[in-house]
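Novice: Submitted below is the structure of interest, expressed as structure tokens.
The values are calculated or read from the model by the stated rules, or taken from the named source; none is laboratory data. A quick note: this is a predicted structure, and the numbers were derived from the prediction, not measured. Virtual Cβ from ideal backbone geometry, glycine too; neighbours counted across all protein chains shown. Accessible surface is based on the protein model in full, side chains and every heavy atom, while ligands, DNA and RNA are left aside. Shrake-Rupley method; radii C 1.70, N 1.55, O 1.52, S 1.80 Å.
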Amino acid sequence: MLAQCVSRSGARGCGVLRTSSCRLVWSYSSSPNGDTCMRCCPRGLDIVGVPIDLGGNRRGVDCGPSALRFAGINEELQSVLAGRTIRDLGNIDVKQPEELGDGATRSDAITEVCRVLKHTVKSSVAEGRFPLILGGDHSLAAGSMAGIILSLFLDFYSV
């Protein structure tokens with residue numbers, strides 16, 4: 001079920017996907033008077049880095065998770081989430097193109113990364129936490145979405 005968070009001032013905020021076990025924020029916003037709408041991750045936030053650049057033809061996007069951490073994303077999120085716990089789960093191990101052996105394809109490596117990410121996201125959601133994935137290229141979307149979808153599917157059928 002889709003719903004809307006409403007800030008203290010009554011302004012509409014973020015979109016929320018509600019399930020019986022947790023609520024997931026799918027966007028973040030603040031009202032014009034500065035009220036933030038982040039009441040939707042009741043148990044906190046899990047940061048997961050996915051330094052992957054295997055899905056494209058440009059190198060360097062794998063530096064995204066490190067750059068965001070270096071820039072202080074953890075501290076900024078802590079100030080916004082006020083009182084909720086933030087767990088940085090580190091980076092998922094990703095092979096570099098030079099490490100792929102003979103016969104191994106980029107798609108095989110991407111599939112493995114997405115498989116690990118799917119389980120990480122599913123576990124985070126099962127604990128009532130919001131998984132924030134730092135990438136990397138767009139190939140990580142398959143793993144993050146699979147984890148969310150699997151969590152919702154299992155939740156709907158456990159009621």
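Novice: Which FRET efficiency, nearest 0.05, do R87 and T111 yield, Cβ-Cβ r, R0 25 Å? Don't skip to the end; give the middle numbers.
Specialist: Working: r = 26 Å, r/R0 = 1.04.
It comes to 0.45.
Novice: Summarise the accessible area of region 42-159 (1.4 Å probe, protein heavy atoms) by the percent that is carbon and sulfur.
Specialist: That share works out to 58 percent.
Novice: Taking Cα pairs under 8 Å and at least six residues apart, what relative contact order does region 48-159 come out at, in percent?
Specialist: It rounds to 38 percent for region 48-159.
Novice: Compute the distance in nm between two label points, each set 7 Å from the Cα along the Cα-to-Cβ direction, one at S79 and one at M145.
Specialist: Once both label points are built, they end up 3.4 nm from each other.
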